[in-house]
Amino acid sequence: MDKKFVVVRCATQNYADLKVEWNLEWTILDFKRYLSQNHASKPDIEKQRLIFAGQLMKNEILLQDYLKKMSENFSPIIHLVCAPDLSRSAPNNPTTPTPKPHL
């Protein structure tokens, strides 16, 4: 049986594309686990959103169910979008004192 590959492209384009040999039994959640360990950004599973052909991929669906209609002559591209880590990206704004009313 030929090997099956998919290309994972980070939506922010901060990382190089990752070519992944995938398993026929993987669900999208399994694929996210793989990415959390093997993608350069080590994205948290809960923050990953995978987009294929304009569709948000659902965790419980088999990866092969999304890819079964694709030609075997090329590697399909899945876009990886990660929710920002608000605890790290929140600006450190000091609170502004409330102005006192003039009496």
Subject >> Residues located in segment 64-103, provided they are at pLDDT below 95, surrounded by 14 or more Cβ atoms within 10 Å (Cβ to Cβ) and either among the aliphatic types (A, V, I, L, M) or assigned to a strand (DSSP E or B) (or both) >> reply: Leu67, Met70, Cys82
Original post:
Residue check, Leu24 against (1) in contact (Cβ under 8 Å) with a residue 60 or more places away in the chain; (2) of a type in the set (A, V, I, L, M); (3) over 24 Å from Pro84 (Cα atoms), all met but one. Which one?
Top reply: (1)
**OP:** Kindly indicate the residue of segment 13-32 that is crowded, with 16+ Cβ neighbours inside 10 Å, closer than 10 Å to Leu62 by Cβ and not hydroxyl-bearing (Ser, Thr, Tyr) and also modelled with the lowest pLDDT among those meeting that condition.
**Re:** Trp26
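The values are calculated or read from the model by the stated rules, or taken from the named source; none is laboratory data. What you see is a predicted model, and the numbers here were worked out from it, not measured in a lab. Counting neighbours? That spans all protein chains shown, and the Cβs are built from the backbone with ideal geometry, glycine included.
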